[in-house]
1. What residues qualify as long-range amide H neighbours of Thr127, i.e. H under 5 Å apart, gap of 5 or more or another chain, H built at 1.01 Å from N?
2. Taking all protein chains as present, what is the carbon and sulfur share of the accessible area of the stretch 3-316, in % to the nearest whole number, probe 1.4 Å?
3. From the phi of every residue in the stretch 107-117, what ³J(HN,Hα) in whole Hz does the Karplus formula 6.51 cos²θ - 1.76 cosθ + 1.60 yield, where θ is phi - 60° and glycine or proline is x?
4. How would you order 42-50, 22-30 from highest to lowest mean count of nearby Cβ atoms within 10 Å?
5. Roughly how many nanometres apart are two label points built 7 Å out from the Cα toward the Cβ at Glu311 and Asp7?
6. What nm distance separates the two modelled labels at Leu141 and Ile18, each placed 7 Å from Cα along Cα→Cβ?
7. So which helices of the chain fit the span-like rule, where a helix is a whole DSSP H run, its Cα atoms reach 24 Å or more along the axis, and its mean Kyte-Doolittle is at least 0.0?
8. Projected onto the charge dipole of the chain (+1 at Lys/Arg Cβ, -1 at Asp/Glu Cβ, origin at the Cα centre), which of Trp191, Pro160, Ala293 gives the Cα projection farthest towards the positive end?
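The values are calculated or read from the model by the stated rules, or taken from the named source; none is laboratory data. Model, not experiment: these values are computed from the prediction. Counting neighbours? That spans all protein chains shown, and the Cβs are built from the backbone with ideal geometry, glycine included. Protein only, heavy atoms only, side chains kept; ligands, DNA and RNA dropped before computing areas. Shrake-Rupley method; radii C 1.70, N 1.55, O 1.52, S 1.80 Å.
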Amino acid sequence: MSELRFDELRGEHVDYAIHRQDRTFLPARDHCPLDPTRPGGPKTEIPFPAFEIAVFDNRFPAFEAPLGAAEVVVYTDQHDGSFATLSPGRAEALMWVWRHRYQELGARDDIDYVLIFENRGVEVGVTLHHPHGQIYGYPFLPPVPAHEIAADERLGGCAPCALMRSELDDGRRILYEDDGVVVYVPYAARWAYEAHVTLRAHRASLLDCEPAELRMLSEALQALVRGYDLLFDRPFPYVMVVHQAPTITPALPASTASPASPGAGAGHLHVEFYPPLRTADKLKYLAGSEQGAGTFISDTLPEESAAALREAIARAA
Ligand SMILES: [Zn+2]
Ligand SMILES: [Zn+2]
Ligand SMILES: [Zn+2]
């Protein structure tokens, strides 16, 4: 069981998932728990000899019912590869799996926020190399999406819509765009090669997307990560997160709920990437200013990293 405590000084939750100390750590190639269970082979987390995309409860959950959820999403039964090397059809199918999990977890009374994410590379603490992501269902609205809702209120409208428009007007940090999505290094990026993949139309969540938008989203995500891998000619570590509308179930009927309270509807689907590399072999560490003041210090201008990354994305296409 995990234990949730509230840090009054910071006004934020901390989750204690003690059992996670025992979780599988970088197992040998032939003992991968995310491989299919092959006839005569070791028993894995997935009791089938082959599969396309598998979703199951995390055996070492940070959150679990009746106070949230933690799931693992395995992208393929092939051990080697990454999100970038999935076939276009599989990447598109993954968008539908994400959408289904958002719908199902978000409908639960105990889940106020669904975060789909992927950690890639030992640099960001990955313990299994098999291509996979995770989903957490939080029993509260976490600080980062709460900040984004506060930005909507501060700007008097949808913040991702407004920021995307100003990126398109400026143009220097745009990495990729089509009819459905816009990809850019944000004006105030915290990480040198941070990128945001934003739906061009206002879509609160994956549930509001047209099928063609889900296809374009998967194409943009793959174009970006292929560009990342080409940039320094090495597998590019990153943290990827999908931000969508909170799934808070109103305690009161909608007619009496305060319009200011964040609920379903507030939010604009976008995917954020936080890569820790500053150069091919230098990592950005969160140190005094970042940890103690909450202020990022960066030695690269977003316009410069965007130019290099845009060129790598074009070369990878
Ligand atoms: Zn594997
Ligand atoms: Zn919007
Ligand atoms: Zn966001």
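1. none
2. Reported share for carbon and sulfur atoms: 55 percent.
3. 6, 6, 4, 8, 10, 9, 8, 9, 10, 8, 8
4. Going by the mean number of other Cβ atoms within 10 Å, highest first, we get 42-50, 22-30.
5. If labels sit at Glu311 and Asp7, their model points lie 4.0 nm apart.
6. Going by the 7 Å Cα→Cβ label model, 3.2 nm.
7. Span-like helices here: 211-231.
8. Working it through, the farthest residue towards the positive pole turns out to be Trp191.
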